[in-house]
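Below you'll find the structure, written out as structure tokens, and then a few comments.
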Amino acid sequence: MGWKPKAAIVLALVAGAIALGAVAIPLTSQPTFCAGCHTIAPSYESWVKSSHREVTCVACHVRPGIEGWLRDKAWAGTKDVAIYLFGVPTDPHNLQAKVDSAVCLSCHRNILRMSEVALRDLPPPVNKVGLVMSHRKHIEAFAKRGQGEGCTTCHSGVVHEQPIKGYPIVMPRGHLSADDKPWYPDHPEGSYLRTRALTDCFRCHDGKTEHEGKVVSRTCDTCHLSEKISNALLFN
């Protein structure tokens, strides 16, 4: 076989791969494709009812750039498909997908510049109880701790959970309550998502965790305007 036939075969394979990719990449980037897996279906159903329903799965779960695409889309996506077809998929209530904070901040970078002390900056119900914690300080603290924490440490359910007691936004669970009845997530006892949903601000503000040599404060007025605290109903 001469050089030309070999080159023709190589070019044909490359062209075929490009054509396949041109079809496969847009197709597999659609949320409806992701929802085809029964493990992901509950996440899809919560997403279509969320404030992020105009944002596709890959926009959050695939980091920008070549490396992000290769690791999060090509490698992780292929592995997930293989497990779905030939292995035992993870139970929907034990999914542990993560979203890199840089992806969140690509849309929400203004949160690092907001005063957050002015009540007009705050959405309900946190404005009623004067919650004024600083996002910038938390992002910087998470980076220094180096334990893989970030935006979703507190806002883990912002897309794939139901609003707590009908709140208009899915906020960190914290310890706020719309009434005197405790709130519990729908996930099964012992599941990862139930444990995550029940984790609140006291995960770090526990009177023991230290940051920069000081114990993180657990007092109410660390995060709340003191004159607003009486407006809050708290979880037990």
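Since every read-out is calculated from the coordinates, none of them should be taken as a lab result. Not measured: the values here are computed from a predicted model. Virtual Cβ from ideal backbone geometry, glycine too; neighbours counted across all protein chains shown.
Structure shown: which of Lys137/Lys228; Lys98/Lys137; Lys144/Lys214; Lys73/Lys137 lie over 24 Å apart, alpha-carbon to alpha-carbon? Pairs exceeding 24 Å: Lys73/Lys137. Take the Cα of Glu227, step 7 Å toward its Cβ, do the same at Ala141, and the gap between the two points is 2.6 nm.
Taking Cβ atoms as reference points and 13 Å as the exclusive limit, the residues near Pro64 contribute a net charge of 0, counting Lys and Arg as +1 and Asp and Glu as -1.
Over segment 52-159, what number does the Rg to Rh ratio reach, with both radii from the alpha-carbon atoms and Rh per Kirkwood? Radius of gyration relative to Kirkwood radius: 1.04. What is the local net charge at Cys220, summed over the other residues whose Cβ is closer than 12 Å to its Cβ (Lys, Arg +1; Asp, Glu -1)? The answer is 0.
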